[in-house]
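Student: Pasting a structure below so you can have a look.
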């Protein structure tokens, strides 16, 4: 008996090679990902929190009020970065989906799965802050103009992706379906961006189109850019941390499966 | 290798397909997607009196007339909405948004009366894409570069780095 328990402990690398060889091979790359991001994470968190704190204090405390919107303009320092992240994040989801569909990159599947709930959260924040800003300025919480409607569609795409990749028993099929949904939804991105230029909307056109000619005073622009950088770093840190956790979860599951297989095989032998 | 190449091509073809289908749909529904119509659009194609639609533009300088309301009634305001080429008279009974002023963008919903007056049931303020501190706006007005009643501010490059002397506490 002691011999029997001793054998499996020595065996795992070999035993896993026969049954879980493919899965271990697939995690060769994620292993490097874990090592590299493991060293990066503390610095990323520290930088993200520092820049966010700096931007928040500057935007909410030091930056001037707007000449006609007054203090309400400070909603912009949250609203605009969230809108940029909602769109930039979705572009990232599109890239991950291409990597998943063409190169079958397993890490891309995991990252996409972990990205979409965070993307849905920032899009929801963008919509909520926009609504809170719209009521005092425009005189309405919500209108069905092209910009607001297309961002709502973006929110549903995020939610739909998050739900779809989790709706399959087989993770690979869920990832495939999610990637296709994400790529189809990519057509919405230029619609969100250019809706304010292509059609009449209640929402105003973009203020920060080119950095050298923003329709915004630099005293407001700089805190906005710092806020955007801080929230982006925070977004990246959250997504990376989630992806790392997902990789580790997969590994634990693969090891458990391998152990269960061995336990099954042991009585026979 | 070839399989990856093939998947890449399929994806590209699908992208072209989905993209052009979306572009065609959006072009076809162009008229339904616009949130409001400008005075020039209305002049070109005048809607029937019973049809309600949204009219958007700038509140014409010097056109706002507030009528004293009877006790308990909502105040009535008359103004003209212009896009530079044409202007349409509007009357509205109700509470205006804080941002409403001459020279401000507005979107009004309502319908034409038989007298050619647009009777609005809702007035929304439409903010423009410029943001400036009060000191900068004051400096532009003092220098005569900009009268907010006349409409949009001068090009951003002329003021977005302006640093007028801050007066008072200026938090």
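Student: So what's the Cα pair-distance distribution over the stretch A:47-153, bin width 10 Å, in %?
Tutor: 13, 34, 31, 16, 5, 0
Student: Across the residues of A:200-207, average count of Cβ atoms on other protein chains within 10 Å?
Tutor: Working: counts 12, 7, 11, 4, 7, 2, 1, 6.
Counting Cβ atoms of other protein chains within 10 Å of each residue's Cβ and averaging gives 6.
Student: Sorting B:50, A:249 on the 10 Å Cβ count, fewest up front, what's the list?
Tutor: Working: B:50 8, A:249 11.
Arranged by neighbour count, lowest to highest, B:50, A:249 become B:50, A:249.
Student: From other protein chains only, count the Cβ atoms within 10 Å of every residue's Cβ in A:220-227, then give the mean. It would help to have the intermediate numbers written out before the result.
Tutor: Details: counts 4, 3, 0, 0, 1, 0, 0, 0.
The per-residue average across the peptide is 1.
Student: Additional query: Once you put a point 7 Å from the Cα of residue A:131 and another 7 Å from the Cα of residue B:12, both along the Cβ direction, what distance in nm separates them?
Tutor: Between residue A:131 and residue B:12, the label points sit 4.3 nm apart.
Student: Another question, then. Work out Dmax and Rg for the stretch B:103-146 from the C-alpha atoms and quote the Rg first, both in angstrom.
Tutor: That works out to 16.2, 46 Å for Rg and Dmax.
Student: Note down, for the stretch A:135-269, the three equivalent ellipsoid semi-axes (square root of 5 times each alpha carbon gyration tensor eigenvalue), biggest first, whole angstrom.
Tutor: Details: eigenvalues 408, 83, 29 Å².
One finds semi-axes of 45, 20, 12 Å for the stretch A:135-269.
Student: State log₁₀ I(q)/I(0) for the stretch B:1-48 at q = 0.13, 0.25 Å⁻¹ as given by the Debye formula over alpha-carbon point scatterers of equal weight, solvent excluded.
Tutor: -0.53, -0.90
Student: Rounded to whole Å and sorted largest first, list the principal axis extents of the Cα atoms in chain B.
Tutor: 77, 53, 32
Student: Something else about it: Tell me, what is the Rg over Rh of the protein assembly as shown, with Rh the Kirkwood radius over Cα pairs?
Tutor: Details: Rg = 28.4 Å, Rh = 25.7 Å.
In the protein assembly as shown, Rg relative to Rh is 1.11.
Student: Any chance you could tell me what percent of the C-alpha pair distances in the stretch B:34-126 go past 16 Å? Don't jump to the answer; show the numbers that get you there.
Tutor: Details: 2125 of 4278 pairs.
That tail contains 50 percent of the Cα-Cα pairs.
Student: If you count, for every residue in A:58-68, the Cβ atoms of partner chains within 10 Å of its Cβ, what is the mean? Write out the running numbers ahead of the final one.
Tutor: Working: counts 0, 0, 0, 1, 1, 2, 9, 5, 7, 13, 13.
The shielding value for this peptide is 5.
Student: With viscosity set to 1.306 mPa s at 10 °C, what whole-number translational diffusion coefficient in µm²/s follows for the stretch A:130-181 from Stokes-Einstein and a Kirkwood radius over Cα pairs?
Tutor: On the way: Rh = 12.9 Å.
The diffusion coefficient I find is 123 µm²/s.
Student: Then there's this: Among DSSP bridges having both ends in chain B, what percentage is antiparallel? Round to the nearest 5. Numbers along the way, then the final one.
Tutor: On the way: 27 of 31 bridges.
Expressed as a percentage, antiparallel bridges in chain B total about 85.
Student: Sticking with this structure for a sec: Extension gain residue B:40-residue B:114, at 0.36 nm per residue separation less the Cα-Cα distance, in nm?
Tutor: Details: separation 74, 0.36 × 74 = 26.64 nm, distance 1.94 nm.
So the extension gain works out to 24.7 nm.
Student: Okay, next question. Output needed: percent of Cα pairs per 5 Å distance bin for the stretch B:26-78, bins running from 0 to the one holding the longest distance.
Tutor: Bin by bin from 0 Å, the calculated values are 4, 14, 16, 18, 17, 14, 8, 5, 2, 1.
Student: Once you have the Cα-Cα distance between residue B:158 and residue B:98, take 0.36 nm times their residue separation minus that, and quote the gain in nm to one decimal. Don't skip to the answer; put the middle values down first.
Tutor: Details: separation 60, 0.36 × 60 = 21.60 nm, distance 2.73 nm.
The span from residue B:158 to residue B:98 would gain 18.9 nm if fully extended.
Student: For n ≥ 4 DSSP H runs only, could you compute -39500 (n - 2.57) per run for the protein assembly as shown, divide by its residues and tell me the 222 nm figure to the nearest 500? Can you show the working numbers first?
Tutor: Details: 13 runs with 257 residues, N = 440.
Value at 222 nm, helices only, nearest 500: -20000 deg cm²/dmol.
No lab work stands behind these numbers, since they all come straight from the coordinates. What you see is a predicted model, and the numbers here were worked out from it, not measured in a lab. Positions of Cβ are backbone-derived with ideal geometry, glycine not excepted, and every protein chain shown enters the neighbour counts.
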